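K.L.:
Before I ask anything, let me first share the structure, which is written out below as structure tokens.
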Amino acid sequence: MALPKKRHSKARGRRRRTHWNLSKINLIPCPQCKELKLSHQVCKVCGFYNGRQVIEIKVKEKKKKKGA
Ligand SMILES: [Zn+2]
């Protein structure tokens, strides 16, 4: 395993890590329901992609209370 010959300062390591960042996600409005969605991916709200229904969207049902 490679071992470092010289100790790097805290600043050096921190300077290197200034480039560790997350890239912005690309949100675009869905042409079907106008909700913001990830580009090149099926809309999670209406299940449409490329002008047609690709996946079925299940509507959440309210939990029923026991007994009554
Ligand atoms: Zn949609």
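K.L.:
Per residue, what volume in Å³ does the convex hull of the Cα atoms of the chain enclose? Write out the running numbers ahead of the final one.
P.N.:
Working: hull volume 20.1 nm³, N = 68.
Enclosed volume per residue, from the Cα hull, is 296 Å³.
K.L.:
If you roll a 1.4 Å probe over the chain with all protein chains in place, what percent of the accessible area is carbon or sulfur?
P.N.:
On the way: 4180 of 7660 Å².
Looking at the chain in its full context, I get 55 percent from C and S.
K.L.:
So what is the accessible area of the chain per residue, in Å², with the probe set to 1.4 Å? Each step should come with its number before you reach the end.
P.N.:
Details: 7660 Å² over 68 residues.
That works out to 113 Å² per residue.
K.L.:
With θ set to phi - 60°, apply the Karplus curve 6.51 cos²θ - 1.76 cosθ + 1.60 along segment 18-30 and write out the HN-Hα couplings as whole Hz, x wherever there is a Gly or Pro.
P.N.:
Values, residue by residue: 5, 8, 7, 9, 8, 7, 5, 7, 9, 9, 10, x, 5 Hz.
The values are calculated or read from the model by the stated rules, or taken from the named source; none is laboratory data. What you see is a predicted model, and the numbers here were worked out from it, not measured in a lab. In case anyone asks, the SASA skips ligands and DNA or RNA and just uses the protein heavy atoms, side chains included. Shrake-Rupley method; radii C 1.70, N 1.55, O 1.52, S 1.80 Å.
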